Amino acid sequence: MTWENYYMPLTTGEAIELLVEKQGKARIIAGGTDLMVQHRSDPLNVRALIDIGRIPGLKEIREDSRRIYIGASVTHSQIVNSALLKKKGRVLVEAARTVGAPQIRNVGTVGGNVVNAQPAADTAIALTALDARIHILSGDGEFEKPVIDTFLGPGKSCIDPSKELVTAFSYSIPGPGERSCFARLARRESLALPIVNLGLWLCLEEDDHILKDIRIAVGPMSTVPFRARETEALLKGVLLDKAVIEKAGRSISDEVTPRDSFRGSADFKKQMIGVILKRSLESALEGKGVDSDEREQ
Amino acid sequence: MLFIPMLGKEKALNKGKGEKMKFSNLGKETPILDGLEKVTGRARYVPDLKVEGMLHGRILRSPYPHARLKKVDISKAERISGVRDIITGKKVSQHKFGPMVPDWVILPDDKVRFHGDEVAAVAATSEESAAEALSLIEVEYEVLPAVFDPELAMAEEAPLLYEEKENNIATTFYVHKGDVDKALAGSEIVFEETYQTNQVYQAYMETMAAVAAPGDYERLTMWLSTQIPSMSRLRYAEALEICAEDLRIIKPHVGGGFGAKFEYKAHILAAVLARRTGSPVRMVNNREEDFRAGNPRVPMKIWIKLGLAKDGTLLAKDTRIIAGNGARTVYAPAITSTACYRIDSLYKFKNVRSTGYTVYTNTIPTSCFRGFGNAQMHFAMESALDTICHQYNLDPIKIRQQNGVTPGFTSIHGWEIKSCALKECLDKAVEESNWYDKKKEPAEKSPVKKGIGVAICNHVSGNRPFFKPFDGSSALVRLTPEGKAIVFTGEADIGQGMNTAFALIAAEAVGLDVKNVRTAAVDTDISPFGLGSFATRGTTIGGRAVYEAAVNLKKQLLEHLARVYEKKIEQITINEGQIYFDDQEDPITVAKAIQTISYTLGGTSLVGHGVFVPETVLPDENKYGNVSPAYPFGCHIAEVEVDTETGRARLLNYWAVHDVGRVINKQTLEGQVEGGVMMGAGWALGEDMVVKEGKLLNPNFHDYCLPTAMDTPRGRIYSYFLESGDPNGPFGAKGIGEPSLNPVPAAIANAVFDAVGVRVKNLPITPEKILEGLASA
Ligand SMILES: Cc1cc2nc3c(=O)[nH]c(=O)nc-3n(C[C@H](O)[C@H](O)[C@H](O)COP(=O)(O)OP(=O)(O)OC[C@H]3O[C@@H](n4cnc5c(N)ncnc54)[C@H](O)[C@@H]3O)c2cc1C
């Protein structure tokens, strides 16, 4: 172990004070499911770890009149079991449910998943589909920005966990006609990183299948979680029928530029992302596995 | 179902012919006796051992698949504090040894032959010092051309791993019975195909481990995670150039082996370091090195040609196998020969020919893995039969009924099938799975299609040629003055539940309550010689020796009871720990009686001694001769669903019916079957050691995708046991360990074909291969 101290602050203020005091020689740790694995192969060069697991505010899921807030150290299990999110954040619930296995979900956090910045991090994909914003605290104060803007490259985030603390994520409460869902393919049913994954959010005109708006986030299709904007554009304002869905599948396969990797060849991933987009759109139409404000589930 | 009368001594112990036998201890669901200590974490495995003054051993492994060792400089490493010894090829004897072929040295001083090969070993006072020392050993390698594919390795221009081994062929196996060419020429159906099975990892929970400690009288004690305590003792004595008696091997709890835990380099290195330093040395693989230098499954390319009559009668089988030995020989040659000819005793063949080459490559040495080559050949044979049935409109159930061996049959290789419920296994699987109804179901409209597939299997329960000097076992059962019985065996329970089976057999044979019987851990200073866990022999051969020992104990006990209580032996019955005298109302307990007896004999325990030497023979030069006392059989039916858009195949339901001779413990049988099915399913549907230029790319559990609990069938694994009562097994029991896996990949491949019409001939059956098949259909 390289660090001398392990702090467990009780407030975000204390956490920031520690970060400032250690001048870049301290590091935030949440569940440690990424950090400790990395430390094994590439030892951390820090003097202190700051464990944010005791800060009550960071573990909350709540809503105000406009937005839903998810604390940075909310675990994947908390998301899976949240009644509020089951109703108003389906894509996130479904994404969190696929992370690792129960042991990983019980300790791994949404904040860690986003800051770790893997191109197919499951909840990062879901938050990207929700167009979520990230709330950050540093010695210089508080600021926020779109989650998608934090991803710089594989494993590279613009958030510096030796200076900044993510406090929460937020997104607009889904309105009428809004639905979302998540899909992924992996080599096995549990404890497997995705071959491809996809977060879908869409808003339908009332009483018909015309798409008012849509967001499609996919991974690992680029160096960062990727918004399939061309395919989104193709779908915006059109009536979602079988033919359109088929077309959307082909469009996204053409749009993405995955790499050959251990989990699958680029061609295979291109083909598969088309399949899961098609299936997600179909289930969105049927209202299956999809949330919307007015539907109870 | 079947209750075939017992022969020999069993008859005396059990009720007469044809009658359903009543057992006090057998046939029930008995939790393994060491289950509680395992689930509570109290069970101690080799890596848990802490011996006073213990050093930590680590191995420096080659980063190249083939390289000359020009210089190994340990001067910097030696200076690390805590480092007690570093050995290299230059510092140790270069004599050759090995389980089958003498191509092992303790450490090489000339060249390394696979990525992961042992270059040097360090013993230090802490793991950290040992690791630091490893990083400071400077090795100058001259990289040599390497070859990875066994078939390419046989080519003239291929680089040689061992100068004296032409074409890199380690061994060749050849057998020919009847006249295959003539039979093929006369066959109305001739089918030919090539199948490939890949390299997979046993993935036991406990990695390879040893603690070696110098002891009194200049002896060395080794705690090993092994499935062959007595055999490894002989081999390690040879490696260390000492007398076997100076080695004491103790096998505590073992966290699985599945064939991998035979002779192992790291064990020997621990011993060498312990002897040099005079201190105990612990050597435990981390998971990555266990992947990189364990003993994974022998990959095979199998060409098969079958000749049949129009009605489906099998007339001829011709096979040629190229098997990957890896960079040195563990047991691959025996595995190749098994693949060549064991399945010939599943069907009533009259003409068979097989050639098997075991070929060196610059890859991980390969060895035993549940199924021992027979599993590889089952994939080829059972897939081929399925395709033939499809092409010629034959019934895949009937063709197996029609050709399968039957009780009393002697196979073309002289294997004597005494007990056999193969036909009944097929019937039961067909009935339970609703085979014929499912076959008639129309194809699904959705992109997800269902399919069902069948495969049958045979195996051995003991294998005479495995250890040239003998096959057999002996055991002691000791009844202590406290009334507890302890079974001493040299056979190695590595998690299968054999120790519990032995206790049940002893309890049943003597008339004890199994709660008062346990099986001692193997310690070569105390336990009898036992060949160990392989060839599905433990319960059958080891169990029969335990049975004989228990019978012998019972005889002694009866004699002493008669003496002390002044009765005639015929007046005494012992059952479930109670002793009944036929002229007395109330029984007395065995505990009380044995104490009384013991105190008349200077406090002795009664010790029953049992020996079982099956009437098997070493096959002659034509490979003729009965190799096993008993042959288990089974039939598996897999039901899958295949997603035609994603290519993914998933298990829906699985029916596994096995002829186990006799159910000793239903719970562990089910455990073996469920484990075997899932292990086979993992192999069939995705497990793969991905090697590029000799380097294993997925040496961890994240990238090497074993099935998880979530990958078990959506429905269930149904297991059924038929009791054909083998005359040689204890109470008729035959083995289950390997047969539970043998038919799995073929049953699944056949089900996938049934679902989507895609025949995957090279394992694993990945989504990519299914999609490719669908696209080219
Ligand atoms: C076996 C296994 C399976 C896994 N499977 C999956 C999977 O299927 N899908 C998936 O997406 N991921 C998976 N992961 C990765 C991991 O579990 C997730 O990314 C998890 O959400 C990380 O959260 P954590 O709290 O453990 O992060 P940590 O490891 O504690 O931290 C990760 C990074 O984020 C920083 N950090 C954490 N919290 C904050 C904060 N509030 N502010 C600033 N910086 C912060 C840390 O400094 C570190 O750089 C798996 C991991 C393992 C070990």
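Hey, what do the phi angles of the range B:185-202 turn into as Karplus ³J(HN,Hα) couplings, whole Hz, using 6.51/-1.76/1.60 and θ = phi - 60°, x for Gly and Pro?
For the range B:185-202, the Karplus-derived couplings read 4, x, 8, 6, 10, 10, 10, 9, 7, 10, 10, 10, 10, 9, 8, 10, 10, 5 Hz, x marking Gly and Pro.
From the mean inverse distance of alpha carbon pairs (Kirkwood) and the Cα radius of gyration, derive Rg over Rh for chain A.
A ratio of 0.98.
Percent of accessible area on chain B owned by carbon and sulfur, 1.4 Å probe?
Ligands and nucleic acids excluded, carbon and sulfur give 50 percent.
What aspartates and glutamates sit close enough to A:Lys212 to cross-link, taking a C-alpha to C-alpha distance under 15 Å and skipping anything fewer than 8 places away on the same chain?
A:Glu178, A:Glu232, A:Asp241
Just tell me how shielded B:703-709 is by partners: mean number of partner chain Cβ atoms within 10 Å of each residue's Cβ, no decimals.
4
The range A:193-271: which GluC sites (Glu not before Pro) are DSSP loop and have at most 16 other beta-carbon atoms within 10 angstrom?
A:Glu205, A:Glu206
Per-residue mean of other chain beta-carbon atoms within 10 angstrom of the beta-carbon, peptide A:179-192?
Going residue by residue through A:179-192 and averaging, the value is 4.
Peptide A:66-72: average number of partner chain Cβ atoms within 10 Å per residue?
Rounded to a whole number, the mean comes out at 0.
Sorted by average packing, counted as other Cβ atoms within 10 angstrom per residue and highest first, what order do A:272-285, A:35-48, B:380-393 take?
Packing order, densest peptide first, comes out as A:272-285, B:380-393, A:35-48.
Evaluate the relative contact order of chain B (contact order divided by residue number), counting alpha-carbon pairs under 8 angstrom at least 6 apart; express in whole percent.
In percent, rounded to a whole number, it is 16.
Which of rounded, prolate, oblate describes the range B:143-190, given a ≥ b ≥ c as roots of the alpha-carbon gyration tensor eigenvalues and a/c under 1.5 marking rounded, otherwise prolate only if a/b is larger than b/c?
In terms of gyration-tensor shape, prolate.
With a probe of 1.4 Å, find how much accessible area the protein assembly as shown has per residue, and write the answer as a whole number in Å².
Ligands and nucleic acids excluded, the figure is 38 Å² per residue.
Would you give the gap between the C-alpha center of the range B:563-582 and the C-alpha center of the range A:173-231, rounded to a whole Å?
First find each Cα centre; the distance between them is then 77 Å.
Quick one: what are the phi-derived ³J(HN,Hα) couplings along the range B:250-258, Karplus 6.51/-1.76/1.60 with θ = phi - 60°, whole Hz, x for glycine and proline?
Going residue by residue, I get 10, 10, x, 4, 10, x, x, x, 6 Hz, with x marking Gly and Pro.
List the residues whose amide H sits under 5 Å from the amide H of B:Asp688, counting only those 5 or more places along or on another chain, with H placed 1.01 Å from N in the peptide plane.
Long-range HN contacts for B:Asp688: B:Cys705.
So, in Å, what gap is there between the alpha-carbon centers of the range A:62-78 and the range B:684-719?
Each part reduced to its Cα centre gives a spacing of 36 Å.
Non-local amide H neighbours of B:Lys623 (under 5 Å, H modeled in plane, Pro and chain starts lacking H): which ones?
none
Between the range A:1-47 and the range B:129-151, what is the C-alpha centre distance in whole Å?
The range A:1-47 and the range B:129-151 have Cα centres separated by 36 Å.
Angle between the Cα long axis of helix A:242-255 and the longest principal axis of chain A, 0 to 90 degrees, nearest 10?
With both axes taken from Cα atoms, the answer is about 40 degrees.
Which entries in B:Lys468/B:Lys666; B:Lys305/B:Lys398; B:Lys350/B:Lys666; B:Lys592/B:Lys734; B:Lys251/B:Lys592; B:Lys350/B:Lys439 show an alpha-carbon gap greater than 29 Å?
B:Lys468/B:Lys666; B:Lys350/B:Lys666; B:Lys592/B:Lys734; B:Lys251/B:Lys592; B:Lys350/B:Lys439
What order do you get for B:339-351, B:216-228 when each peptide is scored by the mean count of other beta carbon atoms within 10 Å, highest first?
Order by mean packing, descending: B:339-351, B:216-228.
Helix A:266-286 versus the longest principal axis of chain A: what angle, 0 to 90°, nearest 10, using Cα atoms?
So the helix axis and the longest Cα principal axis differ by about 70 degrees.
At a Cα cut-off below 18 Å, give the aspartates and glutamates reachable from A:Lys22, other chains included and same-chain residues fewer than 8 away excluded.
Answer for A:Lys22, where 18 Å is the Cα cut-off: A:Glu4, A:Glu14, A:Asp51, A:Asp140, A:Asp160, A:Glu164, listed by chain and number.
What is the count of Lys pairs in the range A:56-172 whose alpha carbons sit under 21 Å apart, if the two are 8 or more places apart or on different chains?
Here the count comes out as 7.
Report the per residue volume, in Å³, of the convex hull enclosing the C-alpha atoms of the protein assembly as shown.
Cα-based convex hull of the protein assembly as shown, divided per residue, equals 198 Å³.
If we count every other residue with Cβ under 9 angstrom of B:Pro764's Cβ, Lys/Arg +1 and Asp/Glu -1, where does the sum land?
Charge balance near B:Pro764 sits at -1.
Give the B-A buried accessible area in Å², both sides summed, 1.4 Å probe, nearest 100.
1700 Å²
Mind checking the range A:1-102 for GluC sites (Glu not before Pro) that DSSP puts in a loop (not H, G, I, E or B) and that have at most 15 other Cβ atoms within 10 Å?
Listed in order of number, the matching sites are A:Glu4, A:Glu60.
For a quick protection proxy, order the peptides B:569-576, B:636-643 by their average other-Cβ count within 10 Å, most packed first.
By packing density, highest mean first, the sequence is B:636-643, B:569-576.
So what's the angle, to the nearest 10 degrees on a 0 to 90 scale, between helix A:12-22 and the longest Cα principal axis of chain A?
60 degrees
I want to check a number: in the range B:60-180, how many lysine pairs have alpha carbons closer than 12 Å, given a sequence separation of 8 or more or different chains?
Count of close lysine pairs: 5.
The values are calculated or read from the model by the stated rules, or taken from the named source; none is laboratory data. Note that the structure is predicted; figures quoted are calculated from it, not measured. Because the Cβ atoms are built from the backbone with ideal geometry, glycine has one as well, and the counts that use them run over all protein chains shown. Please note that ligands, DNA and RNA were not included when accessible areas were found on the heavy atoms of the full protein model with its side chains. Shrake-Rupley method; radii C 1.70, N 1.55, O 1.52, S 1.80 Å.
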